[in-house]
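Step one of this worksheet: look at the structure below.
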Amino acid sequence: GVNGIIIVNSKYYRFDLYANVILAGLTLYTNWIFIPMYGINGAAFATALSLLIFNLMKMIFVYVKMGIHPFTNQTIKAIFLISLCYFLIGNIPLINNVEAEISISIVNCLIRCSLLVILYLPLLIWMKISQDINQMLIEMKKRYIC
């Protein structure tokens, strides 16, 4: 995200160094805990957990020190909507063909991605979640249709 850039370009630039040192220590500690228990999956979980804590720490710092917050209620709506669409499309049965496994996988991916865009974008526009996207579409409509 942009939290690191905001911090580095402010009078609190030293915090970025401290945050990165904390990230390194947290990553080592979580790897030490989770790799013996879960192997490679533990390493992935440890990394994800460390980065989540690191980014939350920076986001809270930017909010407390500068009053800037990147999320709104619209963000929660957008996350819920994309999760719903992903769940619905994830339950569509896959095309299976053992002989043409790679090409079928590409076709499945293209179908699911296309369906996600076809389902998500109209709902995003209809719910007016992003003013920027709605304004861009209005301008495109004026330019190309009218």
#### Entry: Dipole in debye (nearest 20) - the chain, about Cα centre, beta carbon charges: Lys, Arg +1; Asp, Glu -1
660 debye
### Task
Run the quick spin-label model on Leu94 and Lys141: label points 7 Å from Cα toward the beta carbon, then report their separation in nm to one decimal.
4.0 nm
### Label point distance in nm, Ile53-Leu17, each placed 7 Å from Cα along Cα→Cβ
2.3 nm
### Query
Could you give me the ³J(HN,Hα) list for the stretch 31-48, computed from phi with Karplus coefficients 6.51, -1.76, 1.60 and θ = phi - 60°, whole Hz, x at Gly and Pro?
5, 4, 7, 8, 5, x, 7, 10, x, 5, 5, x, 5, 5, 5, 4, 5, 4
### Message
Which of the three applies to the stretch 20-90, rounded, prolate or oblate, going by the alpha-carbon gyration tensor with a ≥ b ≥ c and a/c under 1.5 meaning rounded?
### Response
oblate
### Query
Over the chain, what is the mean sequence separation of C-alpha contacts under 8 Å (at least six apart), divided by residue count, expressed as relative contact order in percent?
17 percent
### Task
Evaluate E = 1/(1 + (r/R0)^6) for Tyr63 and Ala43, where r is the Cβ-Cβ distance and R0 equals 41 Å; express this FRET efficiency to the nearest 0.05.
0.85
### Task
Specify which labelled value, from (i) 35, 29, 12; (ii) 26, 18, 12; (iii) 40, 15, 13, agrees with semi-axes √(5λ) of the Cα gyration tensor in Å derived from the coordinates of the model shown.
(i)
### Message
Taking the alpha-carbon distance from Lys128 and a cut-off under 30 Å, which lysines remain once sequence neighbours fewer than 8 residues away in the same chain are dropped?
### Response
Lys58, Lys77, Lys141, Lys142
#### Entry: Relative contact order of the stretch 1-78, pairs being alpha-carbon contacts under 8 Å that are 6 or more residues apart, as %
28 percent
### Summary
To the nearest Å², the heavy-atom accessible area per residue of the chain with 1.4 Å probe amounts to 77 Å²
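The values are calculated or read from the model by the stated rules, or taken from the named source; none is laboratory data. Quick caveat, the model's predicted, so the values are computed rather than measured. In this analysis, Cβ positions are derived from the backbone assuming ideal geometry, glycine residues included, and neighbour counts consider all displayed protein chains. When the accessible area is computed, the model is the full protein with side chains, heavy atoms only, and any ligands, DNA or RNA have been set aside. Shrake-Rupley method; radii C 1.70, N 1.55, O 1.52, S 1.80 Å.
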